[in-house]
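Let me begin by presenting the structure, written as structure tokens, before commenting on it.
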Amino acid sequence: MNRSWIMRGAPGRWMLALGFFTVASVVLIIPLIVGVLWSLVDPDAGWFPPAIVPPSLSLANWRAMLAVPEIGQAFAMSFLIAPIVTALCAALALPTGYALGRRQLRARRTIELLVLAPIILPGIVLATGLGSMFIRLGLSHTVAGVVLVQTVVLLPFMIRIVAATFEGVPQDLIDAARNLGASPWPLARDVLIPLVRPGLFAGGLFTFIGSLEEFVLTFIVGMPYVQTLPVLLWAYLGGRSSIFTYAAVVTMVLLVPTIILMFVAERTLKQEYLAAGFGKV
Amino acid sequence: MARLELRDITKRFGRVAAADRVSVEVADGEFLTLLGPSGCGKTTTLRIIAGLVDPDEGEVLLDGVAVQHLPAHRRQTAMVFQSYALFPHMTVSENIGFGLRMRALSADLIRQRVGEALALVELEGLSDRYPRQLSGGQQQRVAVARAIVTRPKVLLFDEPLSNLDAKLRERLRLELRALQQRLGVTTVYVTHDQAEALALSDRVAVMFGGKVVEIGTPRQVYRTPRARVTAEFLGVTNFLDGQVAAVADGHCIVQTPLGMVEADAGLGVRMGEVVTLSFRPEDVRIGRYEGTAVTGRVLHASYLGSVTDYVVESGGITLRVHEAGGAARAPGEEITITLPATAAIVRGG
């Protein structure tokens, strides 16, 4: 009985896995390989069709790029802004997520829509609107301005995830804490926040990476003084010339820490989820 | 330790009254059970005592002081939840110490009291485990320890045994009762399990449709129920309509289609009144004894182990009869049964 089920299920599963792998490799892995190859192209030989791989490889682009102070500065700027944006989003998403996830709000749908509005609006519309406003407020060309504008677009994701996590907290746990003498602040500190920590982690990761790769708003609000890695990337890819080789190096500089971060976060997240698992209820 | 009193507690959810003028007094150290089917308002009543639900009307008094306006965290009640509601991110000892930390006791005192509580529920070795690493029975004990460690004025239980298997449930039932008696803490216990209610309680309050229909000792509510719903809910029963033929000394004789049956007349029955009698299957004896004996025919027999459950038809009326012992009577067999020496008069539809 069991065996025949496996026999029947197996081809279907294999097909699914194969399909998934194909999509993943087309969308993710092949561009990644192409990116790595571009960063290693020998500038003297170049890489032109119909060659599938560059005729010769070298570290010349890397040497040239790492010699420019800009890339180090952009790296530092990116990794300064991302944690601040993440912390700010977390701090703002906690109360909002609680209200949306746990309170019986009459206007809940409307509030949710408003919260999501920055995602629904095209980035460029938001950028031009906020950009002119930020100039008047004196926030343009400042790190604070970039942090704020990134928070505006990334907060909705954070709120969604945190609200969903709040929704999943069993009411009995909150009741038990109150029953045992927890007034609102200790209730939040000792029970609610630890229980939504997996959501905060997941949302934080999303926000961190979102901040690292955010371009439109950072460019419009921050230029020319605040230059993050994506803005630097544009300098090599935008405008009239596209210097693929340098752009590829910047991409790798942006990508490698992000991937490492993903792995570390995934590990911790798993532990967190286990610890917060609501047990045998 | 405290005396708890509910006065005319009413709570409506929309149009439905979950609790409808509930008035109950629980004496110091008493174990009171709220018994009823799901949706009868027993859990709502319990949550009102804990302050987790605000009543629309009525008062909750602890030692004569109205507490219904106090928020839950200042009620000094401790509740054991059906789901146990253990904090998944805390170890056993952190869970148990939670209430003490909220009361800002010193770390030393917390450690000492948590240790005592762990010993009381026999979980000494498990203090560093997480709830998900415990069995259902162990989780239940942690929940009990977490509740009693704060030395609450009133201990509240919301169907704490319903997620356990039958054997364990019975054992923990005995332990709970022993623990409550040792601590002498005023306790309100909610269950839909009549055996649990009878075994644990000093008194049982039977609830239906948001109302307390009857309060009494387990013996009273089982043997001499006043309400038809009580008799029906607490196990199997026989109803028999009849007319009061004589009243004297708090007793009366009721003329039923099967003959005369004596009943308790505590409710002030009048001569000639048509009443419903209730008596338990184990009160009907097979064979001819003193009292009213009639002949009947066995319709069904099911062997339950400790007793055999018979459905007996006599004069167009079917009765449930329980007989202990090994005698096996086959369906269709003619038998003589003796009606109980005394029955209860029940009221209500």
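Of A:Phe20, A:Phe75, A:Phe48, the residue with the greatest mean-square motion in the GNM of chain A, using alpha carbon springs below 10 Å, is A:Phe20. With each label modelled as a point 7 angstrom along the Cα→C-beta vector, the B:Leu168-A:Val143 pair spans 5.5 nm. Full extension of the chain between B:Ser106 and B:His251 gives 46.0 nm of extra length, using 0.36 nm per residue less the Cα-Cα distance. Under 17 Å of direct C-alpha separation, and excluding same-chain neighbours fewer than eight residues apart, B:Lys11 reaches these aspartates and glutamates: B:Asp20, B:Asp54, B:Asp56, B:Glu57, B:Glu59. Taking all protein chains together and rolling a 1.4 Å probe, B:Asp108 ends up with roughly 100 Å² accessible.
Of the residues A:Ala60, A:Ala45, A:Ala76, the one that moves most in a GNM of chain A with alpha-carbon contacts below 10 Å is A:Ala45. Using the Cβ-Cβ distance between A:Val125 and B:Ser135 with R0 set to 60 Å, the FRET efficiency from 1/(1 + (r/R0)^6) comes to roughly 0.55. For the stretch A:2-61, the C-alpha radius of gyration divided by 2.2 N^0.38 Å, with N the number of residues, is 1.87. For the residues A:Ser242, A:Ser183, A:Ser211, a GNM of chain A with alpha-carbon springs under 10 Å puts the largest fluctuation on A:Ser183. Note on the stretch B:1-84: Kirkwood radius taken over Cα pairs, Stokes-Einstein applied at 37 °C and 0.692 mPa s, translational D equal to 250 µm² s⁻¹.
Remark: the stretch B:32-155 projects, on average over all directions, an area of 8.8 nm² (convex hull of Cα atoms). Extension gain, A:Gln104-A:Glu70: 0.36 nm per intervening residue step, less the Cα-Cα distance, totals 7.2 nm.
Rolling a 1.4 Å probe over the protein chains gives A:Ile159 an accessible area of about 10 Å². Legend: residues B:Thr276, B:Thr45, sorted from most to least accessible area (1.4 Å probe; ligands, DNA and RNA excluded), read B:Thr276, B:Thr45. Take the Cα of B:Glu116, go 7 Å toward its beta carbon, and the backbone nitrogen atoms of the stretch B:152-172 under 14 Å from that spot belong to B:152. Counting Cβ atoms of other protein chains within 10 Å of each Cβ in B:77-86 and taking the mean gives 6. Starting from the Cα coordinates of the protein assembly as shown, work out the convex hull volume and express it per residue in Å³. Given the Cα convex hull of the protein assembly as shown, per-residue volume reads 259 Å³. Here the accessible area is traced with a 1.4 Å probe on the protein chains. For chain A, carbon and sulfur cover 73 percent of it.
Placing +1 on each Lys and Arg Cβ and -1 on each Asp and Glu Cβ, with no other charges, gives chain B a dipole about its Cα centre of roughly 920 debye. Looking at the stretch B:236-346, the accessible area is 48 square angstrom per residue; that uses a 1.4 Å probe and ignores ligands, DNA and RNA. Where only DSSP H runs of four or more residues are counted, chain A gives -25000 deg cm²/dmol as its mean residue ellipticity at 222 nm, each run worth -39500 (n - 2.57). Starting from the Cα of B:Lys153, draw a straight line to each of the aspartates and glutamates and keep only those under 16 Å, dropping any in the same chain fewer than 8 residues away. Cross-link targets: B:Glu5, B:Glu25, B:Asp28, B:Glu30, B:Asp63.
FRET efficiency for the A:Leu113 to A:Arg189 pair, using the beta carbon distance and R₀ = 22 Å, is estimated at 0.10.
Accessible-area rank, largest first, for B:Glu262, B:Glu313, A:Glu266: A:Glu266, B:Glu262, B:Glu313, with all protein chains present and a 1.4 angstrom probe.
Here r is the Cβ-Cβ distance between B:Gln181 and B:His69 and R0 is 35 Å; the resulting FRET efficiency, rounded to 0.05, is 0.60.
Placing a pseudo-label 7 Å from each Cα along the Cα-to-Cβ vector at A:Ile30 and B:Arg15 gives an inter-label distance of 6.3 nm. Dividing the alpha-carbon radius of gyration of chain A by the rule-of-thumb value 2.2 N^0.38 Å gives 1.25.
Over what distance in Å are the Cα centres of the stretch A:139-170 and the stretch B:287-349 separated? Comparing the Cα centres of the stretch A:139-170 and the stretch B:287-349, I get a distance of 73 Å.
Of A:Trp14, A:Trp38, the order by accessible heavy-atom surface (1.4 Å probe, DNA, RNA and ligands excluded), from most exposed downward, is A:Trp14, A:Trp38.
Computed from Cα positions, the angle between helix A:244-276 and the longest principal axis of chain A comes to roughly 20 degrees.
Run the numbers on chain B and let me know its relative contact order in percent, using alpha-carbon pairs under 8 Å that are six or more apart. So the answer I get is 16 percent.
A probe of 1.4 angstrom, applied to the heavy atoms of all protein chains, finds B:His192 with accessible area near 90 square angstrom.
The values are calculated or read from the model by the stated rules, or taken from the named source; none is laboratory data. All of these numbers come straight from a predicted model, not from anything done at the bench. So basically every Cβ, Gly included, is an ideal-geometry build from the backbone, and we count neighbours across all protein chains shown. Only protein heavy atoms, including side chains, enter the accessible area calculation; ligands, DNA and RNA are left aside. Shrake-Rupley method; radii C 1.70, N 1.55, O 1.52, S 1.80 Å.
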